[in-house]
Amino acid sequence: MFWTTLFSFAALAEAAPQFGGGFGGVTMLRFGCPNVVIDRLDPLVNPGVIPSAHVHQIVGGDGFNASMTTGDVAETAQCTTCQFSEDFSNYWTANLYFKARNGSYKRVPQLGHALQFNDQFSTQTQGGILVYYVSAQPGQITAFKPGFRMLSGDAMMRSRPDTKLKRQNCYRCYTGPNYGGDTGAPCMDDRFAPTLLTAFWHLWKLIINTVSTLRLCLPSHAQVVSDPTFFSQRKLPTTVGHPVRSDIDSGFSCWDGKNLDSPNHQDHVAYPTTGPANFLSLGGSCPSTHPIRIPQLMYEVVWDTTKFNDQSQWPTDGSQPFYLSTGDNTGYGQHGDYVFGWKDDSLQKAMDTSGCMGARCASLLTQDINNAKQCSVKKVVAEDEDGWLDELPGISMPMAM
């Protein structure tokens, strides 16, 4: 298994302060960022609009606001929720909601992240986003510049005929408490769950069958289900389930070298000529229109679906009850917004350093989890975050891309 192999290399890196000698020279920053605010704002897609069309969970610097600067974000922030204290960037994704039998909705709470690379901070975030930056060729990767912005995914997507992008958005069903079954690299298994439907079908099978199915959620036993009628014919869970993880891998690793943003927030970046590179891989050459290599960027979110194991609340027809805040219950519409905000050349130094794995690298400064959690942004849109709702916030508003 790829991730298991990576762990063995990472163990060596742990012994040598992670300043070199890691996984074949590749550097992977992996660090947690608690939420700085949960709000219906989107300064990337809907700048200046209050409220935006759907709710996001936002992490990073306190410079976040509906009309935040298109310049150097690091100059507008005073603190950050991220473990690397020089990272004032903002990262945000859609929230997940449970739709009960009576038609009401409730936000699914989040968890911290699995313990890897001796990173205790990320296990204590109690939500937020786990962020990855990959430098697959240290010394040849150009860090993002002040003012850089990017959107990964498509909030309007409900199907994906193009299987080349299957590694850019995926879900893992944990097989037990404490992140059981988390043995595969993000989005790297061909049988990985590409949608919420598949992920929760894995979860249902795990719950309603015998002990022999406990391995079903592991990558080597995962199923990809393509028949849409498959789910409506299944039974509901009757006992405890386990959390679900969402990964958003932008796949963009090439930049045009000129534009810090574009009208759709994607045209200034591109995939290698051979398509999105696999996780921790360099991939093919960059196209002539986008010749500059940039870091791979990935987000990870863990939702605690165990709070909704009560069968009496689930739909009677067996339909999938979990919806992204966009109104999407397929999962294809999961997306990640990014506004770069690292201080000075701190990210470039990390991308130039070989063999970093986890939340320690070169001279990057870190902070304590308690300090990180003190950083916050005042909520702007007055909406109930955690109560039962008659409809998803903003669902009646048109969504822009």
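Okay, here's what the table says:
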read-out	value
Residues that are surrounded by 15 or more Cβ atoms within 10 Å (Cβ to Cβ), of a type in the set (A, V, I, L, M), within 18 Å of ASN90 (Cα to Cα) and out of contact with any Cys (no Cβ under 9 Å at 6 or more places or on another chain), drawn from the stretch 357-394	ALA359, ILE369, VAL377
Residue pairs meeting the criteria (Cβ under 9 Å; at least 6 apart or on separate chains; first closer than 17 Å to SER250 by Cβ and of a type in the set (D, E, K, R), in the stretch 315-338; second open to solvent by 10 Å² or more (accessible area, probe 1.4 Å) and assigned to a loop (DSSP other than H, G, I, E, B))	ASP337/VAL45; ASP337/HIS265
Enumeration of residues in the stretch 118-127 that are part of a loop (DSSP other than H, G, I, E, B), more than 24 Å from ASP42 (Cβ to Cβ) and either under 17 Å from the mean Cα position of the chain (by Cα) or not charged (D, E, K, R) (or both)	ASN118, GLN120
All positions within the stretch 104-119 that are under 26 Å from PHE340 (Cβ atoms) and surrounded by fewer than 23 Cβ atoms within 10 Å (Cβ to Cβ)	GLN110, GLY112, GLN116, PHE117, ASP119
The stretch 325-340 - residue that is in contact with a Lys or Arg (Cβ under 7 Å, 6 or more places away or on another chain) and open to solvent by 10 Å² or more (accessible area, probe 1.4 Å) and, of those, farthest from THR76 (Cα to Cα)	THR330
The lone exception for THR69 - which of (1) open to solvent by 10 Å² or more (accessible area, probe 1.4 Å); (2) out of contact with any strand residue (DSSP E or B) (no Cβ under 6 Å at 6 or more places or on another chain); (3) over 15 Å from PRO146 (Cα atoms) it fails	(3)
Residue among SER85, SER89, SER122 that alone is surrounded by fewer than 22 Cβ atoms within 10 Å (Cβ to Cβ), in contact (Cβ under 8 Å) with a residue 60 or more places away in the chain and farther than 13 Å from ASP304 by Cβ	SER85
Matching residues, the stretch 128-142, being closer than 19 Å to SER281 by Cβ, touching a Pro at 6+ places or on another chain (Cβ under 7 Å) and in a loop (DSSP other than H, G, I, E, B)	ILE141
Out of LYS379, LYS307, sole residue that is of a type in the set (Lys, Arg) and assigned to a loop (DSSP other than H, G, I, E, B)	LYS379
Residue list for the stretch 231-247, filter: open to solvent by less than 10 Å² (accessible area, probe 1.4 Å) and modelled with pLDDT of 75 or more	VAL244, ARG245, SER246, ASP247
Verdict on LEU115 being aliphatic (A, V, I, L, M) and in a strand (DSSP E or B)	no
Residue tally, condition of a type in the set (Gly, Ala, Ser), touching a Lys or Arg at 6+ places or on another chain (Cβ under 9 Å) and either open to solvent by 10 Å² or more (accessible area, probe 1.4 Å) or under 13 Å from GLY331 (Cβ atoms) (or both), over the stretch 134-161	1
Selection status of ASN46, within 30 Å of LEU260 (Cβ to Cβ) and among the polar types (S, T, N, Q)	yes
Residue that is farthest from GLY180 (Cα to Cα) [pool: residues in the stretch 255-275 that are in contact (Cβ under 8 Å) with a residue 12 or more places away in the chain and open to solvent by less than 30 Å² (accessible area, probe 1.4 Å)]	ASP256
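Listed here are the residues, each with its yes/no results for (1) part of a loop (DSSP other than H, G, I, E, B); (2) at pLDDT 90 or above; (3) among the hydrophobic types (A, V, I, L, M, F, W, C).
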{"site": "HIS290", "(1), (2), (3)": "yes, yes, no"}
{"site": "VAL301", "(1), (2), (3)": "no, yes, yes"}
{"site": "THR316", "(1), (2), (3)": "yes, no, no"}
{"site": "LEU392", "(1), (2), (3)": "yes, yes, yes"}
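The values are calculated or read from the model by the stated rules, or taken from the named source; none is laboratory data. Remember, it's a predicted structure, so these values are computed and weren't measured experimentally. Positions of Cβ are generated from backbone atoms using ideal geometry, with glycine treated the same way; all protein chains shown enter the neighbour counts. To get the accessible areas, we keep the full protein, side chains included, count just its heavy atoms, and leave off ligands, DNA and RNA. Shrake-Rupley method; radii C 1.70, N 1.55, O 1.52, S 1.80 Å.
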